There are 2 protein chains.
Amino acid sequence: MDKTAVAPNCLDGVRVLDLSQFEAGPSCTEALAWLGAEVVKVENPKGGEPGRILGTGPKPDTDAYYFMIYNANKKSVTVNLKSERGLALVKEMAKRADVFVENFAPGAIERLGLGWEELHALNPRLVYAQVKGFGQGSPYENNLAFDMIAQACGGTMAITGERDGRPCKPGPTLGDTGTGMLLAIGILGALFQRHTTGHGRRVQIAMQDAQLQYTRGAFVQHARTGQPAMRNGAKPMAGGSLAPYGIYPCKPGGPNDYVFLFTSHNNPQHWRRLLEIIGRADLIDDPRFATVVARAQHEAEVDVLLSEWTRQHDKHEAMRLVGAAGVPAGAVLDTGDLLAEPSFAQRGIIQTMQHPNGEFRMPAFPVRFDGAPAPVKPSPLLGEHTTEVFADWLHMDAEDVNGLRDEGIV
Amino acid sequence: MDKTAVAPNCLDGVRVLDLSQFEAGPSCTEALAWLGAEVVKVENPKGGEPGRILGTGPKPDTDAYYFMIYNANKKSVTVNLKSERGLALVKEMAKRADVFVENFAPGAIERLGLGWEELHALNPRLVYAQVKGFGQGSPYENNLAFDMIAQACGGTMAITGERDGRPCKPGPTLGDTGTGMLLAIGILGALFQRHTTGHGRRVQIAMQDAQLQYTRGAFVQHARTGQPAMRNGAKPMAGGSLAPYGIYPCKPGGPNDYVFLFTSHNNPQHWRRLLEIIGRADLIDDPRFATVVARAQHEAEVDVLLSEWTRQHDKHEAMRLVGAAGVPAGAVLDTGDLLAEPSFAQRGIIQTMQHPNGEFRMPAFPVRFDGAPAPVKPSPLLGEHTTEVFADWLHMDAEDVNGLRDEGIV
């Protein structure tokens with residue numbers, strides 16, 4: 001556990017019954033776990049949730065990195081949902097839970113008898129949260145969805161890629177984690193409200209719908225022009241109306257050796273300072289570059305001018321020199337750069353999960369409370385907490401749990 | 001206001017003192033407003049926050065669409081923070097607020113005398129929230145940041161774009177709204193905790209750090225291979241290990257006429273069903289395509305096979321036909337497609353803001369409570385609620401407020 005980390009304990013005493021899998025649901029419940037909730041994953045005794053075997057992990061035939069990263073700080077119990085006794089156990093747990101989260105395929109949770117009506121009747125205080133690919137009432141309401149399907153249908157790909165190229169998938173998993181974060185906001189709102197009302201609510205989000213929350217800049221652009229917003233590399237969606245704006249090549253010329261530079265509309269000093277840094281103060285009064293409008297008209301010349309300088313520097317140095325002059329600058333960093341950045345480790349932004357299968361350096365929750373990050377604790381082994389949680393939540397003793405295990409129920 | 005919309009009222013009675021501007025802070029406080037908090041923007045009497053004039057709006061010289069979209073459902077008061085009396089008013093408001101949010105340049109809020117220590121001393125119950133570009137302790141802690149700078153330095157660009165091309169900026173504004181949503185989670189956690197402890201907390205997030213939360217798939221990829229994760233168009237980051245997987249061209253061949261198709265590892269039926277849909281059931285037993293491994297080895301052939309079919313259909317039809325067969329499919333939709341989708345309007349996912357300057361069709365908050373979306377209400381005119389809020393929060397009468405106005409304080 002990271003030395004700088006301090007558990008924020010915001011959700012102390014909040015119990016989350018987590019029937020979610022893969023990323024959209026698990027990223028949401030993991031955020032709740034990082035805030036201090038007791039998150040209990042309910043998994044199939046035969047192998048657990050499918051994310052456990054999605055790709056490789058620290059050792060052969062152990063939990064995948066994919067599972068570890070989205071399930072830190074949680075507990076795991078196993079329950080066979082195909083057995084009546086197993087289902088009854090989950091209902092008993094739901095009576096004692098504060099939050100229920102699921103992201104099965106459409107209709108599956110209702111077929112199990114664990115739908116909103118049933119669980120709300122059993123426990124009116126329960127906040128009942130669901131992720132689906134498409135919203136109720138959508139023509140695609142019964143379709144399967146995955147991160148990239150949600151991104152295609154949610155508008156993120158159309159605005160991502162080179163101007164004359166094909167749509168690209170944004171690398172971030174907005175379809176999954178982007179959705180999970182919004183669901184967490186909804187759950188926390190409902191939990192807050194329960195203090196007053198005493199009642200839980202049904203909280204729902206669709207992965208397609210969630211994408212629109214992150215692409216509102218494109219809707220602003222559409223309103224301005226009356227036309228669909230279009231991708232434009234690393235330039236503004238508008239298409240060339242700002243210069244400098246974009247990524248500029250740095251040495252030694254590798255695929256991620258670029259620095260993002262731009263100068264603000266609101267601050268004419270940015271351009272002058274930039275010219276001084278690149279040793280071209282002689283151009284400060286040049287009419288081709290004197291105003292925002294003039295620079296936009298001479299965008300190609302501006303880009304050549306800056307590239308001549310950036311090519312002489314590596315991206316870190318370029319960012320340091322330009323940033324220190326009070327001009328916005330950002331090196332294009334990849335996962336290798338980020339993992340190697342000492343201040344991320346010092347600040348607990350990247351932490352090492354100490355897992356029985358092996359270590360895993362991974363990003364931690366980026367929100368800080370009173371200056372400290374939340375600690376990353378290991379993702380649970382399959383069924384690691386069955387005995388503990390059944391004792392604590394359902395007052396069962398170890399012998400009872402062993403009996404259930406022998407019968408294949410847990 | 002949308003007919004299907006129902007105010008969720010989760011945060012009834014919660015007062016948010018909002019000194020934020022542009023998008024990262026405002027998207028956060030807007031989410032709180034949608035959940036029912038009373039969010040009061042404090043703005044400069046001379047023009048208000050700079051987002052008000054960022055680009056065009058429904059009419060010349062009125063609030064920009066940019067401002068409208070990130071400030072729905074809020075109130076606005078004007079206060080001159082350069083006057084002592086103005087600052088004193090803000091401190092009085094802070095005494096009566098539950099949440100304080102700011103995203104000024106590094107050090108600015110402390111120079112105003114509105115830092116955490118001061119406001120915490122005045123109101124120990126206050127949740128004090130801040131967005132900066134880079135975290136405390138980062139070598140870039142004093143640098144300016146904007147959405148694209150955060151995305152460059154946070155790793156999203158390196159994993160976005162064509163395989164052999166330059167990094168691209170993901171179209172979604174992850175640097176801004178992506179950060180704002182995580183801060184909202186932190187604020188809601190702290191508000192929940194305050195029920196028990198009676199104390200507010202300092203909640204901080206840096207835009208660079210926030211990007212890592214959405215790019216964890218790339219860190220999984222890095223852990224698997226030991227190499228930085230790289231962009232790969234709309235294909236998997238791994239590089240060609242899954243087929244079919246990606247976007248396939250549809251008629252009539254416009255820049256966004258593509259459908260995303262893939263078949264799950266876990267369900268061999270997907271591929272067979274897809275062959276039946278495209279009229280190539282004759283290939284079901286073809287050894288080139290019989291297994292996941294075989295298809296990956298014959299990726300180019302798989303892509304040709306599917307493209308021959310997708311080119312004969314428009315993207316909506318392709319999505320409908322493939323999706324109905326239980327195989328994942330997603331049309332690449334742009335803002336035009338999304339605004340034209342009838343079910344978004346019916347479900348209140350896209351609503352029309354009825355603003356005195358003109359209407360604006362925009363995405364609403366995608367989380368639903370008991371089946372209903374939150375209503376979109378207008379963004380405030382500059383200082384629209386000064387008299388009302390000062391009466392309600394500070395028990396000042398209209399005459400007092402007029403006096404302050406005459407002195408240039410509000």
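The values are calculated or read from the model by the stated rules, or taken from the named source; none is laboratory data. Being a predicted model, the structure only gives us computed values, none of them experimental. We place every Cβ from the backbone using ideal geometry, glycine too, and count neighbours over all the protein chains shown.
This table checks each residue for (1) at pLDDT 95 or above; (2) touching a strand residue (DSSP E or B) at 6+ places or on another chain (Cβ under 6 Å).
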{"residue": "A:260", "(1), (2)": "yes, yes"}
{"residue": "A:268", "(1), (2)": "no, no"}
{"residue": "A:277", "(1), (2)": "yes, no"}
{"residue": "A:280", "(1), (2)": "yes, no"}
{"residue": "A:300", "(1), (2)": "no, no"}
{"residue": "A:322", "(1), (2)": "yes, yes"}
Report yes if some residue within the stretch A:153-175 is among the polar types (S, T, N, Q), in contact with a strand residue (DSSP E or B) (Cβ under 8 Å, 6 or more places away or on another chain) and closer than 28 Å to residue B:261 by Cα; otherwise report no.
-> no
Of all residues making up the stretch A:212-231, the number that are under 14 Å from residue B:173 (Cβ atoms) and more than 8 Å from chain B (Cβ to nearest Cβ) | 0
Flag if residue B:339 is within 23 Å of residue A:218 (Cβ to Cβ) and of a type in the set (A, V, I, L, M) = yes
Single condition residue A:32 does not satisfy, out of (1) under 21 Å from residue A:186 (Cβ atoms); (2) touching a Gly at 6+ places or on another chain (Cβ under 8 Å); (3) aliphatic (A, V, I, L, M); (4) facing another protein chain (nearest Cβ under 9 Å) | (2)
Which residues, counting only those in the stretch B:232-262, are hydroxyl-bearing (Ser, Thr, Tyr) and either at the interface with chain A (Cβ under 7 Å from one of its Cβ atoms) or surrounded by fewer than 19 Cβ atoms within 10 Å (Cβ to Cβ) (or both)?
-> B:241, B:258
Could you check how many residues of the stretch A:73-126 are of a type in the set (A, V, I, L, M) and closer than 23 Å to residue A:196 by Cβ?
-> 8
What number of residues within the stretch B:1-38 are in a helix (DSSP H, G or I) and either out of contact with any Phe, Trp or Tyr (no Cβ under 7 Å at 6 or more places or on another chain) or not assigned by TED's automatic domain parsing to the domain that holds residue B:96 (or both)?
-> 6
Selected residue (criterion: farthest from residue B:249 (Cα to Cα)) from residues of the stretch A:148-181 that are more than 7 Å from chain B (Cβ to nearest Cβ) and surrounded by fewer than 24 Cβ atoms within 10 Å (Cβ to Cβ) | A:163
Selection from the stretch B:119-147 of residues outside any loop (DSSP other than H, G, I, E, B) and either surrounded by 16 or more Cβ atoms within 10 Å (Cβ to Cβ) or not assigned by TED's automatic domain parsing to the domain that holds residue B:180 (or both) yields B:119, B:120, B:127, B:128, B:129, B:130, B:131, B:132, B:147
Hits in the stretch B:49-79 - residues which are surrounded by fewer than 24 Cβ atoms within 10 Å (Cβ to Cβ), of a type in the set (A, V, I, L, M) and part of a helix (DSSP H, G or I) | B:53
Filtering the stretch B:193-211 down to residues that are surrounded by fewer than 24 Cβ atoms within 10 Å (Cβ to Cβ), more than 7 Å from chain A (Cβ to nearest Cβ) and either among the hydrophobic types (A, V, I, L, M, F, W, C) or on the phi < 0 side of the Ramachandran plot (or both) yields B:194, B:196, B:197, B:199
Does residue A:312 satisfy the criteria of being polar (S, T, N, Q) and touching a residue at least 40 places away in the same chain (Cβ under 8 Å)?
-> yes
Within the stretch B:367-407, can you find the residues that are basic (Lys, Arg), under 22 Å from residue B:70 (Cβ atoms) and away from chain A (no Cβ under 14 Å)?
-> B:377
In the set B:82, B:46, B:41, B:91, which member is farther than 21 Å from residue B:360 by Cβ, away from every other protein chain (no Cβ under 12 Å) and not in a loop (DSSP other than H, G, I, E, B)?
-> B:91
